[in-house]
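A short write-up of the structure that comes next.
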Amino acid sequence: MGYSVGQVSGFAGITVRTLHHYDKAGLLSPSDRSPAGYRLYSDADLARLQQILFYRELGFPLDEIATILEDPQANALDHLRARHRLLNDQISKLRRLVEVAEHAMQVQQTGVELTPEERFEVFGEVTFDLTYATQAHLKWQHREGHQRSMARAAAHSKEDWATIMTESADWRLRLLAAFDAGEPADGERAMDLAEEHRRHITRWFTPCPTDMHTRIADDFTTDPRAFALVVPPTEQRPGLAPYVRTAICANAVRQSPESGD
């Protein structure tokens, strides 16, 4: 039993034009004819077509497919191994492109209106993991406080951001000095640093009462990405995140008579 071009096109899921192209290329030609003289594909032709479509799905060019199918000495396994390596390389490249695209989306969602060059100049290492900021945006985007914070962030100039990062770097130096010196997390020095951090958020982004500050601090010990936005990984110490959280909670107790700035 033979099959017409139209029939093969239908159950193989390819166009008649593709079958004609395979025919002209000498890759697959109908080997039977109907009583009326029409060319028909045999069962053997369909088996060959399945092989062609298999290799095409893997990205093999037609001339290489022809070599594999026509040369009895051709080692199909070698061709498949080479294609496997190439596909893995392409997958790795696509994964890197996905990471770049995700990073670009994350940066856009932070509301920071700077050029790529300015971002690296101002933020440096801090820009390399903004997934936490992105998730916070998606989670809190309808909250007034978050909207206010994003609006203020978008309004900051390059000079504003440079000042913010300079203040943050100076605060981190004093935080690390207190931590390395063994200052207690609930001591005056650590609590003062916690209060300074809270006021920094209020000054540059959104009013940050102590209860909001402690919720932010909770993330420091449960999500490394959150703490990395405060202290870059290269500057962190074991136990530093819990130390900062404890200082912020202790400061909240100390400030309890206040309602926040």
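The values are calculated or read from the model by the stated rules, or taken from the named source; none is laboratory data. Quick caveat: nothing in here was measured; it's all calculated off a predicted structure. Glycine also receives a Cβ, built like all others from the backbone with ideal geometry; neighbour counts cover every protein chain displayed. For accessibility, only protein heavy atoms count, side chains too; no ligands or nucleic acids. Shrake-Rupley method; radii C 1.70, N 1.55, O 1.52, S 1.80 Å.
Of the residues R225, R254, only one is of a type outside the set (F, W, Y), in contact with a Phe, Trp or Tyr (Cβ under 8 Å, 6 or more places away or on another chain) and open to solvent by 30 Å² or more (accessible area, probe 1.4 Å); which? Steps first, please.
Working: R254 fails: in contact with a Phe, Trp or Tyr (Cβ under 8 Å, 6 or more places away or on another chain).
One residue alone meets the criteria, R225.
Can you confirm whether the stretch 200-222 contains a residue that is among the basic types (K, R), part of a helix (DSSP H, G or I) and touching a residue at least 12 places away in the same chain (Cβ under 8 Å)?
no
Does at least one position in the stretch 190-207 carry a residue that is open to solvent by 60 Å² or more (accessible area, probe 1.4 Å), of a type in the set (K, R), under 27 Å from the mean Cα position of the chain (by Cα) and at pLDDT below 95?
No.
For G145, state whether it is surrounded by 13 or more Cβ atoms within 10 Å (Cβ to Cβ) and modelled with pLDDT of 90 or more.
Numbers: surrounded by 13 or more Cβ atoms within 10 Å (Cβ to Cβ): yes; modelled with pLDDT of 90 or more: no.
No, not satisfied.
Could you tell me whether the stretch 4-11 includes any residue that is touching a strand residue (DSSP E or B) at 6+ places or on another chain (Cβ under 7 Å), buried (at least 17 other Cβ atoms within 10 Å of the Cβ) and at negative phi?
Yes, the conditions are met somewhere in the stretch 4-11.
Give just the number: which of (1) closer than 15 Å to P242 by Cβ; (2) at pLDDT 95 or above; (3) part of a helix (DSSP H, G or I) does A185 not satisfy?
So the condition that A185 fails would be (3).
In the stretch 27-70, which residues are over 30 Å from N88 (Cα atoms), touching an Asp or Glu at 6+ places or on another chain (Cβ under 9 Å) and at pLDDT 90 or above?
Result: S29, P30, S31, L40, Y41, S42, D45.
Here is a list: A247, A181. Which entry is hydrophobic (A, V, I, L, M, F, W, C) and open to solvent by 30 Å² or more (accessible area, probe 1.4 Å)?
A181
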